[in-house]
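The values are calculated or read from the model by the stated rules, or taken from the named source; none is laboratory data. Just so we're clear, the structure is a prediction, and the values are computed from it rather than from any experiment. Cβ placement follows ideal geometry from the backbone for every residue including glycine, while neighbour counts extend to all protein chains displayed.
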Amino acid sequence: MGIGMRACGAILQIFTTLAVVTGCVGLSVSASADGTFANERLQKKIPAIPWQRALITYKDGVEHLMVQSAVDADGATLGWIIPVPRVPTDIAKGSVGALQILSMRLQPQIIDVGSKLAGRHAYYRLFAIICSAWAISVVAGSPTWKKLLRSIPVLGGLIVLLWLYTALSSPRGETKSAVAGSTRGRIASSVAVEETARIGNYDVATLKAEKAEDLRAWLLDNGFSELPGNGDEIVQQYISEGWHFVVAKLNREGEGIAVPHPLAITFPAERAVYPMRLTALSASDVYLELYVVGDGMASVEPLTGEYCDEVLYDNSMGFHFGHDSGGFDPSSRGNPVLDRLLWKGATITKLSGKVRPDEMSSDYFPQFTPRAPYRQTLYTRGAARQFAWIWFYRVWSASVFVGVLLAYLLLNYWRSRKWVPALIIGTVGVPLAGVSGVEAYRQLPLTEVVARYPIAVYFLDDSTDVIRAIADAHYGFRDTPPERIADTYRMFFNSIHVPNPFTGARIALDDAPGDITIEQDGAAVVVQTYERSGAPARTMRFPDVSPTPISVTNPDVNGTVHPDDLDAVEKGIRLWRDIPFTLDRDHILAAYTCQRNPNRFLPLLRDELRSLIERNSRNSELIEFEAGILGLMTRIAPPLDVTNGAAMQKFLDVVSAFQPQKGAPSP
């Protein structure tokens with residue numbers, strides 16, 4: 001008996017040691033995963049369908065509606081019709097930055113594989129292995145009730161440790177939701193044009209009509225397309241209810257998906273409203289991200305609540321939120337537009353979801369109830385699988401314990417049948433553990449659309465370095481008209497991929513965090529950058545009276561050479577493919593050297609780029625940069641996705657047909 005007990009103890013010790021080693025390996029892997037994503041945060045990514053993002057603030061019978069819409073349509077002219085219940089008191093250019101800041105800050109909590117869940121997964125796996133080792137030790141050799149009872153304290157200690165760990169770090173997988181019901185040439189003579197204006201990239205008019213056919217005629221006479229389907233019927237419904245129509249025409253270059261800047265409309269309203277009926281004419285699903293600010297928590301059917309909390313204010317941080325999920329700690333005021341629209345003590349609610357055309361038959365009227373702060377929790381599929389395995393290990397461990405007890409109750413029966421305990425444990429444990437794991441996975445709220453955005457990854461030390469280098473390449477823009485300065489910056493940022501330090505996407509020309517705006521101010525151009533909080537960061541004015549002397553680094557020579565040394569620039573271009581590429585000031589200066597000499601450098605860059613693509617080079621930064629230079633030289637926009645071989649080949653074919661004029665000035 002003593003030998004049997006010592007043998008069983010040895011077996012248990014061996015399995016426990018193996019379990020500890022396995023668990024430690026699992027924990028070390030999870031720590032590595034946490035390290036990998038330490039400077040990243042997860043955000044829901046907008047699905048690849050038409051989408052709308054809007055902000056409604058409603059107070060004292062006045063609604064401020066800021067709406068941005070992405071549409072996929074053909075043609076260079078796009079029309080947008082926004083019904084409103086009363087005559088607008090103000091129509092202005094909306095702030096991309098305001099909507100982007102809300103999107104970044106009011107994110108659901110997304111549980112990924114690099115979270116605490118990985119450590120818990122490793123812990124339960126360790127516990128399941130120990131329980132399995134315990135089961136083998138107590139049924140191996142000569143099983144007796146005395147032997148079982150002696151092993152119980154070991155298992156009891158493990159259960160206590162498990163309970164303590166679970167109590168201290170229990171996951172919160174439930175999702176709180178705030179989904180509740182809600183109420184759903186030839187100028188036509190009856191159409192009154194109440195106001196017209198040029199707002200940003202839009203030509204905007206406010207209309208009042210008496211008949212749907214008259215409004216249709218006005219739209220056709222003014223370059224808009226005819227409303228499809230039952231558009232006249234929907235318009236007549238709005239007319240009978242006394243609504244007005246804000247119509248906006250956008251002129252753009254190219255076709256496909258367009259994401260123009262938002263429009264901001266202010267109007268009196270008996271209750272907050274988001275007009276939705278005309279959106280149904282698109283006959284496609286729309287992803288809607290709606291932010292509602294009011295005196296209570298908002299709910300809109302069929303949208304799902306992601307976030308709700310109080311709007312706070314203090315002198316150091318300005319406006320911020322109770323559950324500021326973005327991890328922001330702004331040291332200065334935020335977006336000026338949000339500062340005007342928010343008020344202390346208000347409630348902000350984020351609602352989102354994919355809306356089907358049959359769910360757009362009525363407008364959306366947010367219903368306000370007393371504030372109940374919440375933040376939605378979502379799981380990636382990898383994290384959900386880990387959570388399912390945790391439940392599998394839990395139930396398996398319990399099943400092992402129950403199975404051993406059942407086996408001992410049948411001790412006299414199976415002494416001569418060694419396969420009975422395994423049969424009992426397998427029959428009880430495997431199905432229960434498997435079903436519990438599958439059910440746990442099925443019950444979790446999943447997110448298919450997760451993007452990993454770096455919190456602070458700079459392609460350059462700062463985007464101001466790029467702005468300064470562009471000015472240096474043009475000798476500080478001395479004696480340059482402001483229109484030419486602004487156009488130079490727009491062309492560069494539309495052609496060269498310079499990453500936004502907060503999203504990783506291409507820097508855009510708007511007031512969102514990490515982006516820039518370019519405005520003319522009399523005889524000068526003002527280039528403005530924006531902090532992570534949305535506040536203006538740095539303001540630069542051009543022409544610059546004291547530009548930095550320009551130079552281009554020659555990779556073969558210590559020091560720098562003047563950009564007019566074309567041989568040195570050409571040698572540097574040929575060496576780009578063989579050295580690690582990091583966009584810096586010298587590359588930007590070289591880009592404008594090439595731009596000033598298209599006859600010499602255009603064929604060289606075109607052939608270099610074609611060679612990179614044919615060799616399937618993974619140096620996407622260099623490919624993006626060389627494609628950007630060609631775009632600067634030819635004013636032919638390169639593809640946004642340089643990994644799209646067909647699009648890149650088409651771009652090179654168009655560039656090959658471009659014939660620069662001899663001695664042509666810089667575009």
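Residue pairs whose Cβ atoms lie under 6 Å apart, separated by 6 or more positions or on different chains, with the first residue in the range 475-502 and closer than 11 Å to Gln520 by Cβ and the second part of a helix (DSSP H, G or I) and at pLDDT 85 or above, are Ile485/Phe477. Listed by position, the helices (runs of 4 or more DSSP H) enclosed by the range 586-667 include none that has at least 3 residues that are in contact with a Leu (Cβ under 8 Å, 6 or more places away or on another chain) and at positive phi.
Taking each residue of the range 633-646 that is under 24 Å from Asn599 (Cα atoms) and looking for partners that are part of a loop (DSSP other than H, G, I, E, B) with beta-carbon atoms closer than 6 Å, six or more apart or interchain, yields Thr634/Phe658; Arg635/Pro667. Pairs are defined by a Cβ separation below 6 Å, a sequence spacing of at least 6 or placement on different chains, a first member in the range 296-322 that is at pLDDT 90 or above, and a second member that is of a type in the set (Asp, Glu); the pairs so defined are Pro302/Glu359.
Among (1) surrounded by 15 or more Cβ atoms within 10 Å (Cβ to Cβ); (2) at pLDDT 85 or above, which single condition is Ala535 missing? The number of the failed condition is (2). Would it be correct to say that Asn616 is modelled with pLDDT under 85, farther than 26 Å from Arg468 by Cα and not hydrophobic (A, V, I, L, M, F, W, C)? Judged against the criteria, Asn616 is a match.
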